[in-house]
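*Asks:* The following block contains the structure, expressed as structure tokens.
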Ligand code: PHE
């Protein structure tokens, strides 16, 4: 009897000390202590040898022993489960996730998309062409013959290997490519990057971006041109902004004009951006030169057209007050993060 109690104490000690690292070891534990031929069962079997007057007391001890072994089994099972899945169970699922850095659109893309969407509403389609152009599409077809002085207006990068090719100086070259293939009515805008051999500074860069437009059809007039550009300005800058046209010169348009808008910074009162004139030039435009139409076998007696071209950087400068052209291509994340346009 005393023996048995001592034995049980001994079992309890080994049960407490028992550790498992595998499911097999856990199963061994179960078989050894709790199985049908296990130690607990065997101890229970000893009851029959216990004198009647001690049965009650001994029964309690045996019951407690059984519960002790069962509880230890559950404990070992639990520790095994958490040990096996250590990596996942140590995660605090309630913690917020790591933020994923989200990019923003480049301000030039935002403004280009806005310009494109305004002209699309007027029925203009987007046309694109190559940045490496031949002389014909960039100059000659546009009424700039080889020795035309106006070629100097646009300092051109020619390709070293073959000076018949150049980096386009304006997207008017795309207009040439469209007229080559398509007959009127033509109503297109040409957004894209253009290149000019200029020293890089806050106010000049060797590449920039343009959106040029072309509309050729029967009875297209200067009034249509003015109204189209006026609509654009109101959509882009707001209804209160005024426009004015000044006579100008471009070889591919006649008559030609430059369009100013009332300064969006000072409202026309005069500030450093508008050089205290109250007006800012934003684009060149005019009626397509008859010779240019002829170059593409479009009869100038039947068709007329207008064209315009603007720099996206300038529009962007007016919208966002960006005063240094170099910022657009420096990839400074602090600059780029500031623009959150939705288009
Ligand atoms: N191509 C001209 C430029 O780049 C802009 C322009 C386009 C002017 C169409 C008139 C008509 O300066």
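Please treat every number below as a calculation from the coordinates, not as lab data. Quantities reported herein were computed from a predicted structural model and do not represent experimental measurements. Glycine gets a Cβ as well: all are built from the backbone with ideal geometry, and neighbour counts include every protein chain shown.
*Asks:* Could you please rank 266, 316, 274, placing first whichever residue has the fewest other Cβ atoms within 10 Å of its Cβ? Write down the numbers at each step before the final one.
*Replies:* On the way: 266 15, 316 25, 274 22.
Going from sparsest to densest Cβ surroundings: 266, 274, 316.
*Asks:* Another one. Under the Kirkwood approximation for Rh and a Cα-based Rg, what ratio Rg/Rh is obtained for the chain? List each step's numbers first, then the result.
*Replies:* On the way: Rg = 42.4 Å, Rh = 26.7 Å.
That ratio equals 1.58.
*Asks:* Would you mind ranking 320, 215 by Cβ crowding within 10 Å, fewest neighbours first?
*Replies:* Going from least to most buried by this count: 320, 215.
*Asks:* Okay, next question. I want to verify a result. In a Gaussian network model of the chain, Cα cutoff 10 Å, which of these has the top mean-square fluctuation: 59, 123, 286?
*Replies:* Comparing 59, 123, 286 in a Gaussian network model of the chain, the most mobile one is 59.
*Asks:* Please work out the FRET efficiency for the pair residue 329 and residue 74, using the Cβ-Cβ distance as r and a Förster radius of 51 Å; give the result to the nearest 0.05. Mind showing how you got there, number by number?
*Replies:* Working: r = 67 Å, r/R0 = 1.32.
Computed FRET efficiency for residue 329 and residue 74: 0.15.
*Asks:* Which residue, 216, 50, 265, tops the fluctuation ranking in a GNM of the chain built on C-alpha contacts under 10 Å?
*Replies:* Among 216, 50, 265, the largest mean-square fluctuation in the Gaussian network model of the chain belongs to 50.
*Asks:* Can you give the calculated 222 nm mean residue ellipticity of the chain, where each DSSP H run of n ≥ 4 adds -39,500 (n - 2.57) and the sum is split over every residue, rounded to the nearest 500 deg cm²/dmol?
*Replies:* Details: 12 runs with 131 residues, N = 343.
Calculated from helices alone, the mean residue ellipticity at 222 nm is -11500 deg cm²/dmol.
*Asks:* Got a sec? How would 211, 126, 220 order by Cβ neighbour count within 10 Å, fewest to most? Working shown, then result.
*Replies:* Values: 211 25, 126 14, 220 21.
The order, fewest Cβ neighbours first, is 126, 220, 211.
*Asks:* Also: Can you divide the C-alpha Rg of the range 2-90 by 2.2 N^0.38 Å and report the result to two decimal places?
*Replies:* Values: Rg = 15.4 Å, N = 89, 2.2 N^0.38 = 12.1 Å.
Here the Cα radius of gyration is 1.27 times the empirical estimate.
*Asks:* Roughly what angle does helix 107-121 make with the longest principal axis of the chain, taking Cα atoms, 0 to 90 degrees, to the nearest 10?
*Replies:* Roughly 60 degrees, rounded to the nearest 10.
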